[in-house]
Amino acid sequence: MDVEINCPSQFASDVSNEFSKRGGVVQDQTIEGTDAVIRGETALDTMFGFINDLRAGTKGMGEFAMQFKEYRPMPIYKAQTQMEERNKTLGRSSMELQD
């Protein structure tokens, strides 16, 4: 997903760090007066709940927009975690994925 985050410039570094912690890659950051615009990309699943953290970290003044960019395979460690959770729910034994 392509992501564009708008926030007051005094919160730009905190917002950028939060985006990076969620696995996002910041590609561009510009500050225009009192506003900052952060552009980057990340997987959709990392953005669930981001608006809550963004609003809390910017005193309600941050917002973001996402746009589909491309399909990518899920990383092996994420797939393994998802499979383990699902198998546990269904009462099945776990399997290991091969690279």
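The values are calculated or read from the model by the stated rules, or taken from the named source; none is laboratory data. Because the structure is predicted, anything quoted here is derived from the model rather than measured. FYI the Cβ positions are ideal-geometry reconstructions off the backbone, even for glycines, and counts take in every protein chain you see. What goes into the accessible areas is simple: the full protein's heavy atoms, side chains included, and nothing from ligands, DNA or RNA. Shrake-Rupley method; radii C 1.70, N 1.55, O 1.52, S 1.80 Å.
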| Karplus (6.51, -1.76, 1.60) ³J(HN,Hα), θ = phi - 60°, over segment 18-26, in Hz, Gly and Pro reported as x | 5, 4, 5, 4, 8, x, x, 10, 6
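Per the 1.4 Å probe, what fraction of the accessible area of the chain, in percent, lies on carbon and sulfur atoms? Provide the component values of the computation, followed by the final result.
Numbers: 3480 of 6930 Å².
Ligands and nucleic acids excluded, carbon and sulfur give 50 percent.
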| field | At 1.567 mPa s and 4 °C, Stokes D of the chain from Kirkwood alpha-carbon radius, µm² per second | value | 86
| remark: Interchain or sequence-distant (5+) residues whose placed amide H lies within less than 5 Å of the amide H of D35 are S9
| request: With a 1.4 Å probe and every protein chain left in place, work out the accessible area per residue of segment 31-99 in Å², rounded to a whole number. | output: 79
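Relative to the compact-globule scaling 2.2 N^0.38 Å, provide the ratio for the alpha-carbon radius of gyration of segment 1-58. Spell out each step's value before the answer.
Details: Rg = 10.4 Å, N = 58, 2.2 N^0.38 = 10.3 Å.
Relative to the 2.2 N^0.38 Å estimate, segment 1-58 comes out at 1.01.
Place a +1 charge on the Cβ of each Lys and Arg in the chain and a -1 charge on the Cβ of each Asp and Glu, then give the dipole magnitude about the Cα centre in debye, rounded to the nearest 20. Don't skip to the answer; put the middle values down first.
Values: 11 positive and 16 negative charges, 83 e Å.
For the chain, the charge dipole is close to 400 debye.
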| Per the helix-only calculation at 222 nm, which mean residue ellipticity applies to the chain, given -39500 (n - 2.57) for every DSSP H run of n ≥ 4 and division by its residues, nearest 500 deg cm²/dmol? | -10000 deg cm²/dmol
| query | Put a dot 7 Å past each Cα toward the Cβ at Q27 and E70; how far apart are the dots in nm? | reply | 1.0
